[in-house]
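Report on one structure; see the data block that follows.
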Amino acid sequence: MKLKKFQAESMPEALTQIRAELGSDAVILHTKEITTGGWFGFFAKKRLEVTAALDPTTVTKSTSGRVSKGIEPMPDKQIPTQPIVEEQVWKPINPTTVHESDRNNQPEIIQQLDREFEKQEVSAEIRTQLKEELFGYWYSQPKEKRTTLAVYQHTRQWLKKHLQDVKMGSSLFERKYMVFAGPTGVGKTTTIAKLAAEATLKHDKKVAILTTDTYRIAAIEQLKTYASILHVPIDVVYSMEDFHEAATKYEDYDLILVDTAGRNFTHDFYLKELQKTVLLSEQASLYLVLSLTSKYSDMKAVITQFKQLPVYQLIFTKKDETTTFGALINACLDEKLGIAFLTNGQNVPDDVLHADEDVVVSAVMEGIVFDGSS
Ligand SMILES: Nc1nc2c(ncn2[C@@H]2O[C@H](COP(=O)(O)OP(=O)(O)OP(=O)(O)O)[C@@H](O)[C@H]2O)c(=O)[nH]1
Ligand SMILES: [Mg+2]
């Protein structure tokens, strides 16, 4: 199955592009509205992003012997101008629908999908559950509906349904304090700058920045540069006493972003150090920031340590530097932690995304290649 994303001003334009590139047997998997260009919505343009697929197994002969098309040329007035929502919600499958004689017959498409998920570093536990789900799904369908496309779509629905068990996405003003902690160099300070810009420029809120990263002059200078561009005050906090003083000083502020020093958090010592300088009260959400370029086993070790603290959500950075996204699914399904934001580049303020089920599932599934011979 061949997958491709198209961007266009309108659905008719997208359909023209899709037909030209994938032919008229292509089907639309997914449509969403995106904003391109501009600066935080100012001067930005709304466009459609349409994911289409060409799946040889969905091309079926009709009774007249004619091949039925995924996207038939439509008279203009039938072309929808609004995005079509193709994605159905996941429905549970009755396990008794798998016949005993089918038990040992693993469809090739499910094995292929599993191999692709393994390449994406989705955990073995999740892959086992998914295989079981898809197996049940496959044999619950009439033969003509057992297609690559159907398996692909059912996988998306299943993943999205499970992601609803954790908190995805975050508004900037859920709690007054947002505390960012995580390993060295993952992008904590850069993410803070991006979010400070969003809160001040887009939402017109009063924002202050605190930093406990007192170890490196360069780290403070980096933050001061961003803060002065945004006209946001910044205070260095050396102790819990300083933290309380700053809290009083910024009592009437809407949002306080707290930067911390990158540490090897597999050592308990650094977690204690963090608790000594930052008050993790109910007013504060602690975000554990991780880079998607790290090995999942290393991320998992840090997540395990951080579970001693009230971690609110995760932030994954450097989405632009990898093609492996299993960590996103593993963190949500295995570690039961939601994702607030994803960052996808070094540009402040643009390269940050608010996470949702769609962004996460798309990241994992878009790179998947099927050989189309299922
Ligand atoms: N490609 C890419 N680079 C990023 C992203 N976010 C941050 N960076 C880069 O990563 C490097 C480290 O970023 P910082 O924000 O200083 O990381 P930090 O976690 O604050 O680092 P420490 O304070 O030293 O622990 C910088 O070069 C950033 O430009 C991202 O989403 N994608
Ligand atoms: Mg930093």
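The values are calculated or read from the model by the stated rules, or taken from the named source; none is laboratory data. Here the structure is a predicted model, which is why all the values come from computation and not from measurement. A quick note on method: Cβ atoms are made from the backbone with ideal geometry, for glycine too, and the neighbour counts reach across all protein chains shown. We work out accessible area using only protein heavy atoms, side chains counted, and drop any ligands, DNA or RNA first. Shrake-Rupley method; radii C 1.70, N 1.55, O 1.52, S 1.80 Å.
Every condition in (1) open to solvent by 30 Å² or more (accessible area, probe 1.4 Å); (2) within 16 Å of ligand 1 (Cβ to nearest atom) holds for I220 except the one numbered (1).
If you check K307 against the conditions, is it open to solvent by 30 Å² or more (accessible area, probe 1.4 Å), in the same structural domain as V186 (by TED's automatic domain parsing), at pLDDT below 95 and among the basic types (K, R)? For K307, the condition - open to solvent by 30 Å² or more (accessible area, probe 1.4 Å), in the same structural domain as V186 (by TED's automatic domain parsing), at pLDDT below 95 and among the basic types (K, R) - is met.
Every residue, every condition in (1) open to solvent by less than 10 Å² (accessible area, probe 1.4 Å); (2) among the hydroxyl-bearing types (S, T, Y); (3) touching a Ser or Thr at 6+ places or on another chain (Cβ under 9 Å); (4) free of Cβ contacts under 8 Å to residues at least 40 places away in the same chain, yes or no:
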position: Y177; (1), (2), (3), (4): no, yes, yes, no
position: G185; (1), (2), (3), (4): no, no, yes, no
position: A199; (1), (2), (3), (4): yes, no, no, no
position: I234; (1), (2), (3), (4): no, no, yes, yes
position: S239; (1), (2), (3), (4): no, yes, yes, yes
position: E245; (1), (2), (3), (4): no, no, no, yes
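Here the range 201-217 is the region considered, the condition is being more than 19 Å from Y270 (Cβ to Cβ) and crowded, with 18+ Cβ neighbours inside 10 Å, and the residue that is nearest to ligand 1 (Cβ to nearest atom) is I209. Taking the conditions exactly as written (modelled with pLDDT under 95 and either in a helix (DSSP H, G or I) or farther than 17 Å from F341 by Cβ (or both)), does T214 satisfy them or not? Criteria met by T214. Among residues of the range 209-220 that are within 20 Å of A247 (Cβ to Cβ) and within 11 Å of ligand 2 (Cβ to nearest atom), those with a Cβ under 8 angstrom from a residue that is open to solvent by 50 Å² or more (accessible area, probe 1.4 Å) and not β-branched (V, I, T), sequence gap 6+ or separate chain, pair up as T212/Y238. How do the pairs read when you match residues in the range 306-324 that are over 21 Å from E174 (Cβ atoms) with residues anywhere that are in a strand (DSSP E or B) and open to solvent by less than 40 Å² (accessible area, probe 1.4 Å), using Cβ under 6 Å and keeping only pairs 6 or more apart or on different chains? That search, which allows pairs on different chains as well, returns K318/S291; K319/L342. Scanning the range 155-199 for residues that are in a helix (DSSP H, G or I) and of a type in the set (D, E, K, R) yields R156, K160, K161, K188, K194, E198.
Looking across the range 254-270, the residues that are away from ligand 1 (no atom under 15 Å from the Cβ) and open to solvent by less than 50 Å² (accessible area, probe 1.4 Å) come down to L255, I256.
Residue-by-condition table, conditions (1) under 20 Å from the mean Cα position of the chain (by Cα); (2) open to solvent by 60 Å² or more (accessible area, probe 1.4 Å):
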residue	(1), (2)
R115	no, yes
R146	no, no
V151	no, no
M168	yes, no
L172	yes, no
